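So the structure is just underneath, and the comments pick up after that.
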Amino acid sequence: MKISITMIVASLGLFAALFAVKIIAKFIGVYFLAKKYIPDGSMYTTLLMSTGLTFGTISSLFGLQAGLINQVQYSILVGVVVASAVIPTFIAQKWFLPLEEEDILDFGKWYLPQDKD
């Protein structure tokens, strides 16, 4: 994938700044519409929509192949794109998973009393 973790770690400040800008921009662009149309699952929807994996990866690869960016910049950009897809998805699944009534199993109606001997 032409990504160097050591290059990302060496530029951790830039990586964190780009990650924060990407997440904040996606959050602002999605959250308010999601709040309007999906009030109960707006945060979950916002976190899942905060990606851009395909476009970010393709545009970074184009920049590298065209000589517009170097290997370090490419590693940081693709690292940010991947992190901005994985981290919000993990957070959404862990803490914001919406629970609908049909998702809840009612074990009470399946309860079979034990035989009394």
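Laboratory data are not the source of any read-out in this text; all were calculated from the coordinates shown. All of these numbers come straight from a predicted model, not from anything done at the bench. A quick note on method: Cβ atoms are made from the backbone with ideal geometry, for glycine too, and the neighbour counts reach across all protein chains shown.
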If R0 = 25 Å, then Trp95 and Leu53, at their Cβ-Cβ distance, give a FRET efficiency to the nearest 0.05 of 0.70
Checked region 5-97 against the a/c 1.5 cut and the a/b vs b/c comparison, axes a ≥ b ≥ c from its Cα gyration tensor; verdict prolate
To the nearest 0.05, the calculated FRET efficiency linking Asn70 and Ala20 through their beta-carbon distance, R0 being 35 Å, is 0.95
Quick note on Phe55, Phe96, ordering by fewest other C-beta atoms within 10 Å, gives Phe55, Phe96
